[in-house]
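Engineer: Encoded as structure tokens, here's the structure I'll be asking about.
The values are calculated or read from the model by the stated rules, or taken from the named source; none is laboratory data. Everything numeric in this text was worked out from a predicted model, so none of it was measured. Here the Cβ is made from the backbone with ideal geometry for all residues, glycine too, and neighbour counts use every protein chain on show.
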């Protein structure tokens, strides 16, 4: 239905073959985009590099957004090799375990600050560095969850953090609209990813979400990838600032 041939896409957040970012990378590549794929550290590289090579990624590089200079180094590599960037996918989040498993009102200042920096501010930093490489029709994507707008048991500190991320999406979309650069959040329901394994009673959350969703099914990483690929396409160039629910209707239930 649409083509991403000739587009260049940066994918941040693949941990393994179950990652949302991997589902998005597969979909973007299937529609013809060339990929740059990052991995967190040396430990993660052995899981990510084979997936990146399988997708024919033209750039494979380390990126820990908390490590000074690593984000800038990746953008420099993209500038040197491609000279442009059409799609940016940010699919990373983090909170210290003690803060994630505790009450929101008990969150430490350091833990809350770290969660906001890795999960939200890193997206803004990526956009700022990518902006000079992006032309009209370019797209910046991040990943959220419905715990941003309603209380989800055991989601805890990540609820306020994702709310901030969605607000950042709207403000960034407004600020970049004149340049024709769109900004979106993808919001699948519960998915069994490595990041989700840190949430308490997550298997129960999956079962409850499946039962409550009108379609009685949850999204796969391929479903999220299909939405990412569409939003990156020229056909979606007039859409921006959205939080796109991909969850079988889970988000509309009380």
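Engineer: So, in region 18-34, how many residues would count as being under 21 Å from residue 63 (Cα atoms) and under 15 Å from the mean Cα position of the chain (by Cα)? Working first, answer last.
Structural biologist: Of the residues in region 18-34, the ones under 21 Å from residue 63 (Cα atoms) are 18-26, 28-29, 33-34.
In the following step, the residues that additionally are under 15 Å from the mean Cα position of the chain (by Cα) were identified as 18-26, 28.
So the count comes out to 10.
Engineer: Criterion first (within 14 Å of the chain's Cα centre (by Cα), modelled with pLDDT under 95 and either closer than 18 Å to residue 13 by Cβ or loosely packed, with under 15 Cβ neighbours inside 10 Å (or both)) does residue 165 satisfy it?
Structural biologist: On the way: within 14 Å of the chain's Cα centre (by Cα): yes; modelled with pLDDT under 95: no; either closer than 18 Å to residue 13 by Cβ or loosely packed, with under 15 Cβ neighbours inside 10 Å (or both): yes.
So residue 165 fails the test.
Engineer: Quick check on residue 157: is it in contact with a helix residue (DSSP H, G or I) (Cβ under 7 Å, 6 or more places away or on another chain) and under 25 Å from residue 4 (Cβ atoms)? Talk me through it step by step, then tell me what you get.
Structural biologist: Numbers: in contact with a helix residue (DSSP H, G or I) (Cβ under 7 Å, 6 or more places away or on another chain): yes; under 25 Å from residue 4 (Cβ atoms): no.
No: the conditions fail for residue 157.
Residue by residue, here is whether (1) in contact with a helix residue (DSSP H, G or I) (Cβ under 9 Å, 6 or more places away or on another chain); (2) over 23 Å from residue 242 (Cβ atoms); (3) modelled with pLDDT under 95 holds:
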| site | (1), (2), (3) |
| --- | --- |
| 66 | yes, yes, no |
| 77 | no, yes, no |
| 96 | yes, yes, no |
| 109 | no, yes, no |
| 121 | yes, no, no |
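Engineer: Which one of the conditions (1) assigned to a loop (DSSP other than H, G, I, E, B); (2) more than 25 Å from residue 100 (Cα to Cα); (3) at pLDDT below 90 does residue 238 fail to meet, given that it meets all the rest?
Structural biologist: Condition (3) is where residue 238 drops out.
This table checks each residue for (1) touching a helix residue (DSSP H, G or I) at 6+ places or on another chain (Cβ under 7 Å); (2) part of a helix (DSSP H, G or I); (3) farther than 19 Å from residue 93 by Cβ; (4) modelled with pLDDT under 80.
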{"position": "190", "(1), (2), (3), (4)": "yes, no, no, yes"}
{"position": "204", "(1), (2), (3), (4)": "no, yes, yes, yes"}
{"position": "210", "(1), (2), (3), (4)": "no, yes, yes, no"}
{"position": "231", "(1), (2), (3), (4)": "no, yes, yes, no"}
{"position": "254", "(1), (2), (3), (4)": "no, no, yes, yes"}
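Engineer: Answer yes or no: is there a residue in region 1-15 that is assigned to a loop (DSSP other than H, G, I, E, B), in contact with a helix residue (DSSP H, G or I) (Cβ under 6 Å, 6 or more places away or on another chain) and surrounded by fewer than 15 Cβ atoms within 10 Å (Cβ to Cβ).
Structural biologist: yes
Engineer: Among residues belonging to region 137-155 that are modelled with pLDDT of 95 or more and crowded, with 23+ Cβ neighbours inside 10 Å, point out the one that is farthest from residue 14 (Cα to Cα).
Structural biologist: 138
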